[in-house]
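J.: Can you keep this structure in mind? I'll have questions shortly.
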Amino acid sequence: MSFKELNLNPKLLRAVEASGFVKPTDIQRDAIPVVLAGRDLMASAQTGTGKTAAFVLPALQRLLSPSSARGKGPRVLVLTPTRELATQVNDNIRQFGRFCQFTAGNVIGGMAYPPQIKLLKQPLDLLVATPGRLMDHMEQGRVDFSRLEILVLDEADRMLDMGFINAVKQIAAATPASRQTLLFSATLEGKVPAIAKQLMKNPARIQLATNHERHASIRQHVHQVDNAAHKHRLLSHYLKDDALTQALIFTKTKRGADKLAKALSAKGHASAPLHGNMNQNQRKRTVEHMRRGRFRLLVATDVAARGLDIRSISHVINFDLPMVAEDYIHRIGRTGRAGATGTAISLVGPEDWPKLVGIERLTGQKLKREIVSGLEPTTPEPRAGYGRNGNGMKPKRRAGAKPRRNNGRRAASKGRRDDYRRSRDGGHRDGKVAANAQRGFQPWLG
Ligand code: ADP
Ligand code: MG
């Protein structure tokens, strides 16, 4: 199928062609007709499959017909969880709208207010916003939604995970009930169905991927590591590989990212950090330089795990595993984009095994263990579960369960079952970790 068959306006087709797109991706093929028909839509597809164009193109097509309502507020509102993503969506709007005359802008956290206030006073076709900052402006009465026609929730799963449920509901409630609502997400699980039910009218549903079907284009493996020095040696090993054109390296903390970027620069690698202590302009510049190839390595915290779209990233390296298993999926989705293949390598330290268990459970696949000769780990891999050594906690016993008598002399199979239960207890703790990670995310919220 070609873009032409999607009945897009010639001006949009020209822009699509100028972008070098030859044919629509699956999600574009399926979603664009539904959106053009005016129906509400909830859609999921693997990251990197072109969801942005799947809503931007039909939204622009709609804007080519004049509004029937008076007023000058935005006719299309796109909500995204992070500033980076908002900027990217806006770039797409500019890219596909280049042969038309649309006015569009961003209202995102971390940026100065006056230009945004000015933007909101002007007639506007499209507005891309992070929920927090948009709410700020709404509370000051600066936003006119009287002629809003389309509301898009992009990366809906993440937006809801980040605690934006109420903001999203309030924003939706401030828009006309007659609007068309579109929801795009990496998954249609978790909190997504409930919000879809509340905000959408009989939505069409397109589901092109589930967690474990994703990322066929990414080779994934893990290395068991003894300690930090071992991590550095393995990293150096991979950096010597010519197949590594550009890499995104994830660390647990902002300080860790700074430190590692500095260490890599000192060794002669063109590297830069990317994290939440940098202001929006610094972050934007860093991403731009990476895109242009000025850096080979970007050392980032999870702020870069979502949305970031740099096609030449051949490797994602988890120097530290993410706190929340879900973030693993988003991190590795930064490579293997738009038909390319990518490599995702995770370095698993002695403390990290419970996190790896969480990731393997979520993705439904056991990640390949790899060994580099000369850089082998010195101890065998801990058994699945790792409850006792991993966190020093005893397994909880279910209320009413009999105390175990033969503790310490258990049959191997029974031990495994216990370990499994222990790691399920660990699942509850993950809830707390997730909440903390969310709090840690606050500086990034719009
Ligand atoms: P998602 O939102 O699904 O993660 P994006 O919209 O960010 O994906 O698109 C990922 C990449 O694929 C972008 O670089 C985009 O320009 C490119 N892309 C999108 N649609 C097409 C297409 N039809 N043909 C080629 N490349 C495309
Ligand atoms: Mg996207």
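The values are calculated or read from the model by the stated rules, or taken from the named source; none is laboratory data. Because the structure is a prediction, the values reported are computed rather than measured. All Cβ positions, glycine included, derive from the backbone under ideal geometry; neighbour counts span all protein chains shown.
One line per residue, one yes/no per condition, for (1) under 18 Å from Ser185 (Cβ atoms); (2) among the hydrophobic types (A, V, I, L, M, F, W, C):
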{"position": "Gly20", "(1), (2)": "no, no"}
{"position": "Ala37", "(1), (2)": "no, yes"}
{"position": "Thr49", "(1), (2)": "yes, no"}
{"position": "Gln61", "(1), (2)": "no, no"}
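J.: Could you tell me which numbered condition Gly38 fails, if it satisfies all but one of (1) within 16 Å of ligand 1 (Cβ to nearest atom); (2) at pLDDT 95 or above; (3) closer than 20 Å to Leu199 by Cβ?
T.: Just one mismatch for Gly38, condition (1).
J.: Quick one: in the stretch 304-320, of everything that is touching a Gly at 6+ places or on another chain (Cβ under 8 Å) and away from ligand 2 (no atom under 14 Å from the Cβ), which residue is farthest from Ala229 (Cα to Cα)?
T.: My answer is Ser312.
Yes/no per residue for (1) within 29 Å of Arg283 (Cα to Cα); (2) of a type outside the set (Lys, Arg):
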| position | (1), (2) |
| --- | --- |
| Asn9 | no, yes |
| Arg14 | no, no |
| Ser19 | yes, yes |
| Asp30 | no, yes |
| Leu36 | no, yes |
| Leu41 | no, yes |
| Gly50 | yes, yes |
| Leu57 | yes, yes |
| Ala69 | no, yes |
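J.: Given (1) more than 16 Å from ligand 2 (Cβ to nearest atom); (2) in contact with a Gly (Cβ under 8 Å, 6 or more places away or on another chain); (3) within 30 Å of Thr363 (Cβ to Cβ), identify the lone condition not met by Glu155.
T.: (1)
J.: Hey, another quick one. Picking from Gln61, Gln28, which residue would you name as being surrounded by 16 or more Cβ atoms within 10 Å (Cβ to Cβ) and within 10 Å of ligand 1 (Cβ to nearest atom)?
T.: Gln28
J.: Look at Ala69 and say whether it is surrounded by fewer than 22 Cβ atoms within 10 Å (Cβ to Cβ) and either closer than 17 Å to Leu182 by Cβ or at pLDDT below 95 (or both).
T.: So Ala69 passes the test.
J.: Looking only at the stretch 135-155, count how many residues are within 19 Å of Val192 (Cβ to Cβ), part of a loop (DSSP other than H, G, I, E, B) and more than 16 Å from ligand 1 (Cβ to nearest atom).
T.: Residues meeting the conditions: 0.
J.: Within the set of pairs 6 or more residues apart or between chains, which connect a residue that is on the phi < 0 side of the Ramachandran plot and assigned by TED's automatic domain parsing to the domain that holds Ile218 inside the stretch 247-267 to a residue that is of a type in the set (Ser, Thr, Tyr) and assigned to a helix (DSSP H, G or I) with Cβ atoms less than 8 Å apart?
T.: From residues that are on the phi < 0 side of the Ramachandran plot and assigned by TED's automatic domain parsing to the domain that holds Ile218, the pairs are Ala247/Tyr238; Lys267/Ser236.
J.: Turning to a different aspect of this structure: Taking the stated definitions as given, is Gln198 more than 16 Å from ligand 2 (Cβ to nearest atom) and either buried (at least 21 other Cβ atoms within 10 Å of the Cβ) or within 30 Å of Glu376 (Cα to Cα) (or both)? Spell out how you get there, then give the answer.
T.: Numbers: more than 16 Å from ligand 2 (Cβ to nearest atom): yes; either buried (at least 21 other Cβ atoms within 10 Å of the Cβ) or within 30 Å of Glu376 (Cα to Cα) (or both): no.
No.
J.: Go through the stretch 2-18 and give me each residue that's outside any helix (DSSP H, G or I) and within 24 Å of Ala186 (Cα to Cα). Give the steps one after another, and end with the answer.
T.: Residues of the stretch 2-18 outside any helix (DSSP H, G or I): 2-3, 7-9.
Phe3 - this is the single residue of the stretch 2-18 that is outside any helix (DSSP H, G or I) and within 24 Å of Ala186 (Cα to Cα).
J.: Continuing with the same structure: Restricting attention to the stretch 76-118, which residues are in a helix (DSSP H, G or I) and surrounded by 18 or more Cβ atoms within 10 Å (Cβ to Cβ)?
T.: If the condition is that a residue be in a helix (DSSP H, G or I) and surrounded by 18 or more Cβ atoms within 10 Å (Cβ to Cβ), then Arg83, Glu84, Leu85, Ala86, Thr87, Gln88, Val89, Asn90, Asn92, Ile93, Phe96, Gln116 are the ones that fit.
J.: While we're here: When you check Ala45 against the structure, is it touching a strand residue (DSSP E or B) at 6+ places or on another chain (Cβ under 6 Å) and buried (at least 21 other Cβ atoms within 10 Å of the Cβ), yes or no?
T.: The answer is no for Ala45.
J.: With the checklist (1) under 22 Å from Ser44 (Cα atoms); (2) assigned to a helix (DSSP H, G or I); (3) over 18 Å from the mean Cα position of the chain (by Cα) in hand, flag the one item Arg158 doesn't pass.
T.: Evaluating Arg158 over (1) under 22 Å from Ser44 (Cα atoms); (2) assigned to a helix (DSSP H, G or I); (3) over 18 Å from the mean Cα position of the chain (by Cα) leaves (3) as the failure.
J.: In this structure, does Lys284 turn out to be within 21 Å of Lys231 (Cα to Cα) and among the basic types (Lys, Arg)?
T.: Answer is no for this residue.
J.: Could you please find all residues in the stretch 20-33 being within 16 Å of ligand 2 (Cβ to nearest atom) and part of a loop (DSSP other than H, G, I, E, B)?
T.: Matches in the stretch 20-33: Phe21, Pro24, Thr25.
J.: Filter the stretch 4-46 for residues that are without any contact (Cβ under 8 Å) to a residue 60 or more places away in the chain and either in contact with an Asp or Glu (Cβ under 8 Å, 6 or more places away or on another chain) or among the acidic types (Asp, Glu) (or both) and give the result.
T.: Glu5, Glu17
J.: Of these, Gly339, Gly374, Gly293, which one is modelled with pLDDT of 90 or more, of a type in the set (Gly, Ala, Ser) and within 16 Å of ligand 1 (Cβ to nearest atom)?
T.: After applying the criteria, what remains is Gly293.
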